[in-house]
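One structure, pasted below without further comment.
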Amino acid sequence: MFLSGFDPFSFFAGFIAASVFWWLIARARPLWNEIRSGAKEKREAAQTRKSSTVEENHRRNTLRRAQGMHLAAPLFALDEILQTPLVLAPKPIVEPGAPPVFEDVISQTVPYLPGWPEIGAAFGVQTLTLPQALAGNSNLVIIGQPGIGKSVALAHIASLLANRSSEMGAFQEVVPFLLHVADLKLPAVDEKNALTPITDAFSENAAMLDLGRLPAFIQSAFKSGQAFLLVDGYDEITPAEQQVVSDYFKLLIKLFPQNRIIATGSPEYLDGLIALGFAPLALAAWSAKQHETFIRQWGQLWTQTVSLESWAQTGGQQVDPLLLNIWLGSDNSNLTPLELTLKAWGAYAGESLGPHVLEGIASHIRRIAPPNTPLAALETLAMQATLSAQAVFDPRKARDWVRSFEPSEERVPGQTGELKMKTGELKMKTDAPPAEEKPAADKKTEKVATPTYGLLSKMVASGLLVSYANHRMRFVHPIFAGYLAGRAMTNYNAEEPILNQTDWAGKYLALRYFAAFGDASSLVQSLLEFSRLPMHRPLMAAARFLRDAPKNAPWRGKIFGSLAAILQTEGIPLGVRGQAMAAFVHSNDSNAAPLFRQFATATSFELVHLVVLGLGAIKDAKAAQVLAQTLNAPSISVRRAACLALVSIGTNEALELVAHTLLSGDEDVRRAAAEALASDPLEGHAVLKEGLEHSDILLRRAIAYGLGRLDNAWAIEALQKVQISDEQWVVRNAATEVLDAKTNIASRAPHKLKAPSDSPWLVEFASKQGVGISPGTPATDILLQALKSDNPETRLAALPYLKFAPSEGVVTQIYHAMYKDDPELREAAFNILWELGASGIKLPDPTQLGLN
């Protein structure tokens with residue numbers, strides 16, 4: 001029955017048709033694959049074009065922002081006026097069994113003072129460019145006092161990355177993400193949305209067409225290890241706020257470990273960063289040569305651009321730029337880049353209120369404040385922000401602080417405008433005149449985009465304040481906030497509540513400028529009572545008051561007395577004694593030079609070493625004969641310091657003494673003389689060139705080291721010639737050593753420590769103790785044994801590891817290492833304690849540990 005309906009023809013026809021169909025499908029499969037592959041490539045190409053468009057727009061926005069991150073942005077782009085930012089080369093980490101890292105004599109002679117880089121600038125200590133500093137594998141925190149140029153340093157790196165500059169080496173194609181802490185809405189909710197704060201921050205200024213694609217672009221950059229996060233403002237906020245930001249860094253490092261982070265920081269306040277492995281690098285102060293170059297560039301740019309503007313020609317007769325530059329080039333001792341910028345701007349604009357630093361700040365505040373705004377309004381805002389410990393404040397609350405200064409038509413009905421202080425009710429001092437509260441009658445009301453914050457919005461429009469999303473504002477620079485707060489404090493009893501705050505940068509800036517305008521006697525007394533070893537942080541903060549304060553202030557003598565006592569205290573690290581010396585230099589006080597000359601005849605070689613450097617830093621021409629005697633001191637450190645000081649002084653008498661030392665001194669001091677002469681571009685360089693042809697072998701060897709300090713083409717060519725053709729191998733070896741050091745300069749960049757279980761020297765040391773080191777363990781016990789080793793290199797190598805396990809027992813052992821009779825170990829231990837103290841660890845007084 002079933003086969004009765006079978007049709008053979010239909011069956012075979014269907015079979016043949018099906019076979020042909022599947023044969024065609026099989027033959028067409030490569031074509032389909034090619035079509036699918038082409039479609040996929042087109043989709044990927046389209047996605048690449050989209051992401052490339054987003055990336056290019058992002059790079060352009062980053063470059064635009066970076067080029068405006070400097071004080072003179074209304075006049076010039078950053079690259080037009082930039083002095084290349086440099087950082088002090090960190091002390092090299094010792095690794096037993098490895099060849100030592102080359103250090104020039106100057107770096108061995110000048111103490112490492114990250115909080116007082118002015119001393120290093122006076123003698124030209126070893127520095128690194130920021131791309132060189134990034135050659136290691138560490139995240140970095142660029143530290144320095146306010147106004148030294150940390151934000152500019154970040155902006156410089158961001159500009160190089162945005163432009164894909166070849167200077168960035170391996171980071172050339174990396175995507176920069178430049179932010180201020182005020183841009184970040186923290187804390188992050190969870191790991192899944194870890195990048196949301198960054199995405200939200202950049203969405204504020206992204207193009208409308210990029211908004212939808214921006215999250216995927218940021219995710220892709222971070223997940224692929226192609227993101228470089230640059231965060232400004234970490235140095236401006238309180239420790240509690242720093243902890244929130246550092247917790248966010250910790251999350252990013254956990255999720256995206258291949259990316260790099262650079263933040264800005266203060267030498268005293270780095271809460272949370274050290275434990276995360278951030279390496280602190282001190283921004284170098286400007287040298288006299290950089291001051292000169294900056295002033296010349298400013299004059300050229302002003303003449304070529306600004307002076308042609310109509311507003312610049314409405315004043316009186318223009319002063320000859322040559323005369324202005326001569327005036328600007330004098331009396332710039334210890335000025336920060338910010339202060340020199342204000343000085344140059346005021347001089348060329350004809351707006352300067354006077355030659356003093358304080359007058360330069362006052363001129364600029366007047367320049368960028370809203371027209372007809374009472375100075376008392378600015379001062380009140382700054383003081384309230386400081387009293388509230390808010391470098392970044394909420395304008396909705398801040399408007400109440402200055403409401404009494406707003407025109408009546410701009411006030412919200414029902415507001416009385418009473419001035420209330422954040423920390424209790426502060427009464428005006430009876431001997432101070434009342435602050436002006438009434439605005440000028442002709443003040444015009446400006447229309448500001450919603451939301452409006454009255455007078456605050458006008459301060460944003462004028463450039464005194466910066467506004468961010470999520471109701472955040474800050475002063476354009478913490479120096480201006482501190483200056484205004486300090487002035488306001490002279491009318492209110494605000495010193496005590498501010499002094500009792502947790503230490504943060506805004507606190508000490510306000511106190512510093514208060515000391516410049518008011519009676520800081522009780523304030524200084526309190527700081528001196530709080531100060532103690534090993535860091536003496538309150539004393540060093542007070543020492544910053546000296547330069548700007550009146551010369552007849554009654555409290556100056558107390559600070560100088562405490563500094564002199566520390567300078568003379570034997571057995572404590574040069575790191576802290578050197579800060580005391582630097583404070584004398586920074587004060588610009590005329591009594592510093594006679595005191596240094598007196599101390600230069602002391603019997604303590606460490607004291608003489610420091611004061612000799614101090615005499616060089618202040619360029620005391622009267623010290624030449626005193627320094628001539630120290631050239632014959634038994635201490636090689638003193639003789640080296642004398643060479644550096646004499647060249648820094650730069651008189652004919654001083655340079656002749658160094659030249660004589662170069663010709664007739666012992667081998668070590670000859671090298672010091674040659675390296676010192678490299679800092680003098682006229683007489684010094686001429687002596688080095690001439691000495692290359694001298695028959696004295698030790699002289700030519702010393703000159704090879706001197707030439708090694710120069711980056712001039714003629715010096716490098718001379719060294720290459722010596723390396724090949726000098727007939728004495730000791731001279732050729734010296735030339736080879738310094739040329740190799742130039743080639744390997746990136747080796748001075750900070751590197752992450754190897755895990756204890758992967759560190760050959762530590763594994764070997766542990767095996768000699770009969771123990772092993774398991775992967776993933778901190779090996780604290782074996783490191784403490786290494787710290788007590790008889791081998792100096794082993795002791796030094798253990799210290800960097802121990803800072804990541806700062807228990808009470810570990811800190812105690814680091815203290816004991818600092819008090820051993822080993823100068824190199826003492827300084828290394830002090831630097832570790834400095835990092836721990838800056839990271840928030842409470843350091844005990846040495847007497848509590850039985851140390852004196």
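The values are calculated or read from the model by the stated rules, or taken from the named source; none is laboratory data. Owing to the predicted nature of the structure, the values given are computational and were not obtained by experimental measurement. We work out accessible area using only protein heavy atoms, side chains counted, and drop any ligands, DNA or RNA first. Shrake-Rupley method; radii C 1.70, N 1.55, O 1.52, S 1.80 Å.
To two decimal places, what compactness ratio does region 496-579 give when its Cα radius of gyration is scaled by 2.2 N^0.38 Å?
1.07
On a 1.4 Å probe surface of the protein chains, which of Ser138, Ser521 comes out largest in accessible area, and what is the full order?
Ser521, Ser138
What are the ³J(HN,Hα) couplings of region 529-536, residue after residue, when phi is run through the Karplus curve with 6.51, -1.76, 1.60 and θ = phi - 60°? Round to Hz, x for glycine and proline.
Using θ = phi - 60°, the values come out as 5, 6, 6, 7, 5, x, 9, 6 Hz.
Then there's this: Let me see the pair-distance distribution of the chain: every alpha carbon pair, 20 Å bin width, integer percents in order.
Distribution as computed: 13, 42, 32, 8, 3, 2, 0 percent.
Restricting things to alpha carbons, tell me how big region 542-687 is in terms of Rg and Dmax, in Å.
Expressed in Å, the Cα Rg and Dmax of region 542-687 come to 15.6, 49.
Quick one: ranking Asp79, Asp781 by accessible area, 1.4 Å probe, largest first, what do you get? Write out the running numbers ahead of the final one.
On the way: Asp79 85, Asp781 120 Å².
Sorted by accessible area, descending: Asp781, Asp79.
Kindly write out, for region 209-226 in residue order, the coupling ³J(HN,Hα) from the Karplus curve 6.51 cos²θ - 1.76 cosθ + 1.60 (θ = phi - 60°), rounded to whole Hz, with x marking Gly and Pro.
Per-residue couplings from phi come out as 6, 8, 4, x, 9, 5, x, 5, 4, 5, 4, 4, 5, 6, 5, 8, x, 10 Hz.
Moving to a separate point now. What residues have an amide H closer than 5 Å to that of Thr264, excluding those fewer than 5 places away on the same chain, when H is modeled at 1.01 Å from N in the peptide plane?
Result for Thr264 returns Ile142, Val231, Gly233, Tyr234, Asp235.
Can I ask one more? For region 56-201, what is Rg from Cα atoms divided by 2.2 N^0.38 Å, rounded to two decimals?
That works out to 1.23 for region 56-201.
Rounded to a whole number, what % of the accessible area of region 615-706 do carbon and sulfur atoms account for, probe 1.4 Å?
Its accessible area is 51 percent carbon and sulfur atoms.
Same structure, new question: Work the Kirkwood hydrodynamic radius out for region 807-852: mean of 1/r over every pair of different alpha-carbon atoms, inverted, in Å.
Value: 10.7 Å, from the Cα pair sum.
Let me ask something else. Amide H of Leu178 versus every other amide H placed in the peptide plane: which residues, excluding those fewer than 5 positions away on the same chain, fall under 5 Å?
Sorted by chain and number, the residues that satisfy this are Leu230.
Run the 1.4 Å probe and let me know the accessible area of Thr127, rounded to the nearest 10 Å².
Rounded to the nearest 10, the figure is 40 Å².
Roughly how much of Ser522 is accessible, in Å² to the nearest 10, using a 1.4 Å probe?
80
If you don't mind, there's one more thing I want to ask. How much accessible surface does Val585 have with a 1.4 Å probe, in Å² rounded to 10?
Spelled out: Val585, probe radius 1.4 Å, area about 10 Å².
On the accessible surface of region 194-247, probed at 1.4 Å, how many percent belong to carbon and sulfur atoms?
Values: 1210 of 2120 Å².
Ligands and nucleic acids excluded, carbon and sulfur give 57 percent.
For region 203-307, restrict the atom set to alpha-carbon positions and state the Rg and Dmax in Å.
Using the Cα atoms of region 203-307, the pair Rg, Dmax is 19.2, 52 Å.
Given a 1.4 Å probe, how much area per residue of the chain is accessible, in Å²?
45
Could you derive backbone 3J(HN,Hα) for region 598-615 from the dihedral phi with the Karplus parameters 6.51, -1.76 and 1.60 (θ = phi - 60°), listing whole Hz in sequence and x where the residue is Gly or Pro?
Values, residue by residue: 5, 5, 5, 9, 6, 8, 7, 5, 5, 5, 4, 3, 6, 6, 5, 4, x, 4 Hz.
Around Leu195, which amide H atoms from residues at least 5 apart in sequence, or from another chain, sit under 5 Å from its own amide H, with H modelled in the peptide plane?
Amide H neighbours of Leu195, under 5 Å, 5+ apart: none.
Please express the Cα-Cα pair-distance distribution P(r) of region 439-596 as a list of whole percents, one per 10 Å bin, running from 0 to the bin with the greatest distance.
10, 32, 28, 17, 10, 4, 0
Can you compute log10 of I(q)/I(0) for region 328-374 with the Debye formula, treating each Cα as one identical point scatterer, at q = 0.27 Å⁻¹?
Here log10 of I(q) over I(0) equals -0.98.
Once the piece of chain linking Arg60 and Thr196 is laid out straight, how much longer is it, given 0.36 nm per residue of separation minus the C-alpha distance between them?
Difference between extended and current length: 46.8 nm.
What does the helix-only formula give at 222 nm for the chain: each DSSP H stretch with n ≥ 4 adding -39500 (n - 2.57), the total divided by the residues, and the result rounded to the nearest 500 deg cm²/dmol? Working shown, then result.
On the way: 38 runs with 448 residues, N = 852.
It lands at -16000 deg cm²/dmol.
Related question: Cα extents of region 190-234 along the three principal axes, largest first, in whole Å?
Computed over region 190-234, the largest-to-smallest principal extents equal 29, 25, 22 Å.
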